[in-house]
Structures are given as structure tokens and as C-alpha cells.
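Student: Structure incoming, see below.
The values are calculated or read from the model by the stated rules, or taken from the named source; none is laboratory data. These numbers were taken from a predicted model, which means no experiment stands behind them. Here the Cβ positions follow ideal geometry from the backbone for every residue, glycine too, while neighbour counts run over all protein chains shown.
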Amino acid sequence: MKILLTNDDGIDAVGIRSLIKGLSGEHTVWIAAPDRQRSAASMSMTLDLPLRAVPRQIEGAALAHAIDGTPVDCARLGLGNLVPETPDLVISGINHGPNLGSDMLYSGTCGAAQQAAVLGVQAIAMSLDHRDPVHFETACAVTKRMIEIVKRHPLPFGMFYNVNVPDLPPEEIKGYRVTGLAMVHYNGVYLRYEDPLGRPCYWVPRGKLPCDPDEDTDYAWMKKGYVTVTPMGFHSERLDAVDLSDAFGGEA
């Protein structure tokens, strides 16, 4: 297959470099990734500055560019300008840390995959548990299996697979679960400091807690040692579940 890799941790991150090494023997691999850390960029785009794409020589990659933009910028520029033809698949990751539940609303990893999906390309967002994960070989093995899943079970337009992998050796993975998203709450109080001139400044707080009692969620299953797979993205199949027939005085 022809695969475009991107991420939100930057082109030099261990996760994407592990994927390049793991996939290049079987597939044609192209890279369009941020030139630095761009986590939590969601689906933001650069609108008021030009983008620069610097060619990079990376072993295993047929073509690679480091881009001074967001993950979505990278997906768009890669698909629209930088690769010689439309790839069969876009993989965003391997992210350093999970993208579980409502994480996906903020995730640059998921944002890049979503962007590829709405441009009509099959896409996977790959994430590995913990901020400093160790077992990238496990995530690479899961990625290879997901490539085969995509071949047999392509998603409808605008949807992508969000995959989260426990940071465990391959033999300790208990299995796979196709599951929905958990609701995760974040600490909402920013940390207040003063700069050297005595002016207040604020730093984003760390920490989050699942608040969903349902055990059939991505958060619950991954913490039990399972790879979680959640099809998600832009679609309107559930529009009929919202009844607004009386909301607009008969004008709807």
C-alpha cells in the first residue's frame, strides 16, 4: 500500500519513526508531519501565515517533509501538494499518550486522521498509552493488523478508526475491543504564577478523570489491557434520533 504518515508529536518523535521503520519494508511510506510538538491542536488550521515544508531525508521514507503547521495543515498539504498520488491510507501517530474518550476533541492525532477522512482517504489514528511510552513495537504490530482491517472493512466517507494501545509487551495484550468513547473530565483550574515582572500568567493543569460509569468504553477496556478500536468521525446517520419537530413552530 501507499501510506502517508503524520502525527502531532513532530517528525522526530519516536512514535512516527517507529512506524516508518515498521512499515517501510512492506509499503511505500510518505511523511508529512509537524516540525515540532503540536499536541492538542485538534482540527486547527493555519490561516494567517504561509506554510513551509522542508524536505527531510529519513531512512525508510520514500518522501518526507517537516511542516511548520498543525497536524491538519500537514494532512492537507501532504495530500494536496506533497505526495505524488493519493495514498491508500493515512496513519496519524503513533501518539505518545492515549486519545481516549473526549480526548479526541482536542487531539491533533485525531484531527489529522479526521482531515484525511473528510478528504476521502481511509485513515487511522494510532495512540500508545502513557506520556512516555515504551512498547512502540506493540503499537507497530497493532498498526499492521489495523491496515489489514481497513482493507477488509473500509469506513464510510468522513470516518476514521481511533485506536488506543496499552503500553504493554505484545504477549500481554489481552485482545481487541470495538467500543465507544468514555466521557473524561479535565482539571479546569489553571495554575497561576507570576512572571519576573509580577504579572500573572497561567499554565494548563495536568490530570483527568473518567466520569463515565459505563464499563463498555474505550477508557475502561484499554485500562484492562485491551486494544480499543472506535470508528468515529463526520457522519449524519443519527440525525433521525433528534426530534425537533416542535422546536420551530412548524417552520423546521
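Student: Take residues that are at pLDDT 95 or above and touching a Gly at 6+ places or on another chain (Cβ under 7 Å) and tell me which of the strands (runs of 3 or more DSSP E) falling wholly in segment 1-82 contain 2 or more. Break it down into steps so the answer makes sense when it comes.
Tutor: On the way: elements: 2-6, 28-34, 53-55, 63-67.
Where strands (runs of 3 or more DSSP E) fall fully within segment 1-82 and carry at least 2 residues being at pLDDT 95 or above and touching a Gly at 6+ places or on another chain (Cβ under 7 Å), they are 2-6, 28-34.
Student: Give the residue that is surrounded by the fewest Cβ atoms within 10 Å (Cβ to Cβ), with candidates limited to residues of segment 141-158 that are in a loop (DSSP other than H, G, I, E, B) and without any contact (Cβ under 8 Å) to a residue 40 or more places away in the chain.
Tutor: Narrowing segment 141-158 to residues in a loop (DSSP other than H, G, I, E, B): 153-158.
With without any contact (Cβ under 8 Å) to a residue 40 or more places away in the chain added as a condition, the list becomes 153-154.
Values: His153: 10, Pro154: 12.
Across segment 141-158, the extreme among qualifying residues is His153.
Student: Considering Val29, Val54, Val83, which residue is out of contact with any Ser or Thr (no Cβ under 8 Å at 6 or more places or on another chain), surrounded by fewer than 19 Cβ atoms within 10 Å (Cβ to Cβ), of a type in the set (Val, Ile, Thr) and in contact (Cβ under 8 Å) with a residue 12 or more places away in the chain? Lay out the reasoning, then the answer.
Tutor: Details: Val29 fails: surrounded by fewer than 19 Cβ atoms within 10 Å (Cβ to Cβ); Val83 fails: surrounded by fewer than 19 Cβ atoms within 10 Å (Cβ to Cβ).
Going through Val29, Val54, Val83 in turn, the sole match is Val54.
Student: Which one of these does Tyr161 not meet: (1) surrounded by 23 or more Cβ atoms within 10 Å (Cβ to Cβ); (2) more than 23 Å from Lys208 (Cβ to Cβ)?
Tutor: That leaves (2) as the condition not met.
Student: Would you confirm whether or not segment 218-226 contains a residue that is touching a helix residue (DSSP H, G or I) at 6+ places or on another chain (Cβ under 9 Å), closer than 19 Å to Leu128 by Cβ, at pLDDT 90 or above and among the basic types (Lys, Arg)?
Tutor: Among the residues of segment 218-226, not one is touching a helix residue (DSSP H, G or I) at 6+ places or on another chain (Cβ under 9 Å), closer than 19 Å to Leu128 by Cβ, at pLDDT 90 or above and among the basic types (Lys, Arg), which makes the answer no.
Student: Hey, among Thr138, Thr109, which residue is at pLDDT 95 or above, in contact with a Ser or Thr (Cβ under 8 Å, 6 or more places away or on another chain) and in a helix (DSSP H, G or I)? Walk me through it before giving the result.
Tutor: Values: Thr138 fails: in contact with a Ser or Thr (Cβ under 8 Å, 6 or more places away or on another chain).
Unique residue meeting the criteria: Thr109.
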